[in-house]
1. So which of A:107, A:114, A:57, A:92 is loosely packed, with under 13 Cβ neighbours inside 10 Å and of a type in the set (Gly, Ala, Ser)?
2. State the number of residues belonging to region A:272-303 that are within 16 Å of DNA strand C (Cβ to nearest atom) and farther than 18 Å from residue A:111 by Cβ.
3. For region A:167-207, which positions are touching a residue at least 60 places away in the same chain (Cβ under 8 Å), more than 13 Å from DNA strand C (Cβ to nearest atom) and part of a helix (DSSP H, G or I)?
4. Among the residues of region A:297-329, count how many are within 13 Å of DNA strand B (Cβ to nearest atom) and part of a loop (DSSP other than H, G, I, E, B).
5. Please pick out the residue among A:168, A:154 that is away from DNA strand B (no atom under 14 Å from the Cβ), modelled with pLDDT of 95 or more, polar (S, T, N, Q) and out of contact with any helix residue (DSSP H, G or I) (no Cβ under 6 Å at 6 or more places or on another chain).
6. Go over the candidates A:249, A:269 one by one and state the one that is among the small types (Gly, Ala, Ser) and within 11 Å of DNA strand C (Cβ to nearest atom).
7. Scan the helices (runs of 4 or more DSSP H) fully inside region A:55-133 and keep the ones with 3 or more residues being at pLDDT 95 or above and touching a strand residue (DSSP E or B) at 6+ places or on another chain (Cβ under 8 Å).
8. Return the residues of region A:252-278 that are within 24 Å of the chain's Cα centre (by Cα) and surrounded by 14 or more Cβ atoms within 10 Å (Cβ to Cβ); say none if nothing qualifies.
Amino acid sequence: MAANTVTPALPVPATPTAPPVPTATSGATSAATSAATPKLALPLPVLHATVLDWYEANARDLPWRTPDASPWAVMVSEFMLQQTPVKRVLPAWQAWMERWPTPADLAAEAPGEAVRMWGRLGYPRRALRLHGAAVAITEQHGGEVPDDHATLLSLPGIGEYTAAAVASFAFRQRHVVLDTNVRRVFARAVTGVEYPAQATTAAERRTATALLPEADRTAATWAVAVMELGALVCTARGPECGDCPLFTSCAWQRAGCPPYEGPARRGQSYEGTDRQVRGKLLAVLREAHGEVPQARLDAVWPDAVQRARALDGLVSDGLVEPVEQGVYRLPQ
DNA sequence: CAGGCGTGGTG
DNA sequence: TCACCAAGCCT
């Protein structure tokens, strides 16, 4: 927002354009390599202006970012965006907001309707939790999405990230908003490694805190701007470093873009897992408006043992409701 | 705290 | 093609 213009010449020590070719002879140049973390070579105000200006020029206009987007609209988007790409969230969010423009509208319906409306966004427990959050907001918070971090955190489905995101994006407060995009940007630009660790570390939180602008409004825009940079330019695969406003000061770039080294990240297998079976079972329940006989569910998966285990799991999660012996439905 | 939890797109 | 990835949360 606040149009700080970037000083054209970034005070970067002698690095024109090309990444420095790491010389074979390491010694000499002090560079106590692993001793100190290679900090981002940019004064804070310049860093802020650089990223904020980039955001102003490159931000996508997403409907939950418009000035008239309600806190509820922001909150719904955050639930949907937990592990689901923007492209797939867009139409689902539109439909959801048309049907349930306020928390009270959603709270008035059965949880099963939320699960059905969730469609194929994945991780349907989020739908149940969003419904639960809407009920809590309606019954305990006067129907208004809470504006403080601690209260948001107490709602079902809202963890550290989402609480910070809603407080920041919807209420323009100053919070460390640390999602996978932000963590990757800082890992590269500040720490000089391709990928952050699997779990968020205290060091990352310290780094993010140190870089956060002082003013509330600026910090809020900074948070979404760094996320956007991670989503559009500093991507996990095939980052567009040539388009990055931090190119010349990026620690990873300066180190010559060293590839990730570390334990192989566990790939989430899917074929043949209970998750796949749960998905198939729930798809049948979603599409059938009403009660579903056992036989319909039995048809989706050959292994009776695994099928029963998956269905049990859905029931204990509250995603499926047994009506009577051999009859199921979405929760009323 | 590592692992479970959906679904679809892509390099 | 087939891992890997996508604005995490919960136990």
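The values are calculated or read from the model by the stated rules, or taken from the named source; none is laboratory data. Bear in mind that the values here come from a model prediction, so they are computed numbers and not experimental data. Methodologically, a virtual Cβ is constructed for each residue, glycine included, from the backbone with ideal geometry; neighbour enumeration extends over all protein chains shown.
1. Values: A:107 fails: loosely packed, with under 13 Cβ neighbours inside 10 Å; A:114 fails: loosely packed, with under 13 Cβ neighbours inside 10 Å; A:92 fails: loosely packed, with under 13 Cβ neighbours inside 10 Å.
Just one listed residue meets the conditions, A:57.
2. The qualifying residues number 6.
3. A:189, A:190, A:191
4. 5
5. Numbers: A:168 fails: out of contact with any helix residue (DSSP H, G or I) (no Cβ under 6 Å at 6 or more places or on another chain).
From the options A:168, A:154, the qualifying one is A:154.
6. Details: A:249 fails: within 11 Å of DNA strand C (Cβ to nearest atom).
So the residue among A:249, A:269 that is among the small types (Gly, Ala, Ser) and within 11 Å of DNA strand C (Cβ to nearest atom) is A:269.
7. Working: elements: A:71-81, A:86-99, A:103-107, A:111-118.
By residue number, no helices (runs of 4 or more DSSP H) qualify.
8. Result: A:252, A:275, A:276, A:278.
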